[in-house]
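A.B. asks: Take this structure, written in structure tokens, and hold onto it; I'll ask about it next.
The values are calculated or read from the model by the stated rules, or taken from the named source; none is laboratory data. Worth saying up front: this structure is predicted, and the values here are computed from it rather than measured. Methodologically, a virtual Cβ is constructed for each residue, glycine included, from the backbone with ideal geometry; neighbour enumeration extends over all protein chains shown.
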Amino acid sequence: MFRNVKDFSENWNSEVDSTIKLFNAIPEEKSEIVMNAPGLRSLKAIAWHLAQTLDAIGGQLRWGPYLGENWHEMSPGSMLDVIEAYRKGSAAFLADVEKNWTDTDLGTIETLWGHQMSRGGVLAEFVIGHQCHHRGQMTIIMRLNEIKVPGLYGPSYDEWMDMGKTPLE
Ligand code: NI
């Protein structure tokens, strides 16, 4: 969990950069491929889910909305539209947190979809952890569809190859 706003801000900025790096690697023509099981999301659908997540959480905890009042009725459009919406929403969220939240607020106990946890815990698990979870799914779908995967916490296989090095086993 986060106990101070400044630590969250730094971490969030870095996570947003990573998410945009991943979204930017998805070619439009491959963004709507659905893998071979009924009901699975496409890359674009997962990316759009991440753009909407802050407002979905905010709807429960009285934050936002950051994409707009009608965020739940919006549709994603192109990958570039998704990236723009994600960029706008994540920046608006951070501006709200930095302006209106105190370190003490992060200790407030919240109820989110039946889970009780501190607001700093919500930031760690439902804001950042949830995003990492879906990015992991996306990198698998990307790999299986021959889309180059960017490294986020370290070089990806493709980046090792581009550097002319042998990827770690
Ligand atoms: Ni999700």
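A.B. asks: Hey, can you tell me all the residues within region 100-118 that are more than 16 Å from the ligand (Cβ to nearest atom) and assigned to a strand (DSSP E or B)?
C.D. replies: Looking only at region 100-118, we keep the residues that are more than 16 Å from the ligand (Cβ to nearest atom), and these are 100-111, 116-118.
Listed by number, the residues that qualify are Ile109, Glu110, Thr111, Gln116, Met117, Ser118.
A.B. asks: When both residues are 6+ apart or on different chains and their Cβ atoms are under 7 Å apart, which pairs have a first residue that lies in region 24-38 and is closer than 21 Å to Ala85 by Cβ, and a second that is among the charged types (D, E, K, R) and outside any loop (DSSP other than H, G, I, E, B)?
C.D. replies: Within 7 Å, the pairs are Ser31/Lys44; Glu32/Lys44.
A.B. asks: Here's something else I'd like to know. When region 109-144 is examined, which residues are found to be more than 17 Å from Asp7 (Cβ to Cβ), more than 17 Å from the chain's Cα centre (by Cα) and among the polar types (S, T, N, Q)?
C.D. replies: Thr111, Gln116 - these are the residues of region 109-144 that are more than 17 Å from Asp7 (Cβ to Cβ), more than 17 Å from the chain's Cα centre (by Cα) and among the polar types (S, T, N, Q).
A.B. asks: Just to be sure I understand the filter: pairs with C-beta atoms under 8 Å, separated by 6 or more residues or on different chains, first member in region 100-111 and touching a residue at least 24 places away in the same chain (Cβ under 8 Å), second member assigned to a loop (DSSP other than H, G, I, E, B) and not hydrophobic (A, V, I, L, M, F, W, C). Which pairs pass?
C.D. replies: Asp103/Arg3; Asp103/Asn4; Leu106/Arg3; Leu106/Asn4; Gly107/Arg3
A.B. asks: Follow-up question, since we're still on this one. Give all pairs with beta carbons closer than 6 Å in which a residue from region 1-18 that is within 15 Å of Leu50 (Cα to Cα) meets a residue that is in a helix (DSSP H, G or I); count only pairs at least 6 apart in sequence or on separate chains.
C.D. replies: Close Cβ pairs (under 6 Å, with a partner that is in a helix (DSSP H, G or I)) amount to Trp12/Leu94; Glu15/Ile128; Val16/Ser90.
A.B. asks: Now for a different question. For region 30-52, give me each residue that is assigned to a helix (DSSP H, G or I) and over 23 Å from Gly151 (Cβ atoms).
C.D. replies: Hits for region 30-52 are Ala45, Trp48, Gln52.
A.B. asks: Only one of Arg3, Arg41, Arg87, Arg62 is within 20 Å of Phe126 (Cα to Cα), within 16 Å of the ligand (Cβ to nearest atom) and surrounded by fewer than 18 Cβ atoms within 10 Å (Cβ to Cβ); which?
C.D. replies: Values: Arg3 fails: within 16 Å of the ligand (Cβ to nearest atom); Arg87 fails: within 16 Å of the ligand (Cβ to nearest atom); Arg62 fails: within 16 Å of the ligand (Cβ to nearest atom).
Among Arg3, Arg41, Arg87, Arg62, only Arg41 is within 20 Å of Phe126 (Cα to Cα), within 16 Å of the ligand (Cβ to nearest atom) and surrounded by fewer than 18 Cβ atoms within 10 Å (Cβ to Cβ).
A.B. asks: Give me a count of the residues in region 44-58 that are touching a Pro at 6+ places or on another chain (Cβ under 6 Å) and within 12 Å of the ligand (Cβ to nearest atom).
C.D. replies: Within region 44-58, residues that are touching a Pro at 6+ places or on another chain (Cβ under 6 Å) and within 12 Å of the ligand (Cβ to nearest atom) number 1.
A.B. asks: OK, next. In region 119-166, which helices (runs of 4 or more DSSP H) lie fully inside it and hold 2 or more residues that are away from the ligand (no atom under 16 Å from the Cβ) and of a type in the set (A, V, I, L, M, F, W, C)? First the steps, then the outcome.
C.D. replies: Details: elements: 119-122, 130-144, 157-162.
Counting at least 2 such residues, we get 130-144, 157-162.
A.B. asks: Would you pick out the residues in region 62-81 that are modelled with pLDDT of 95 or more and assigned to a helix (DSSP H, G or I)?
C.D. replies: Passing the criteria: Met79, Leu80, Asp81.
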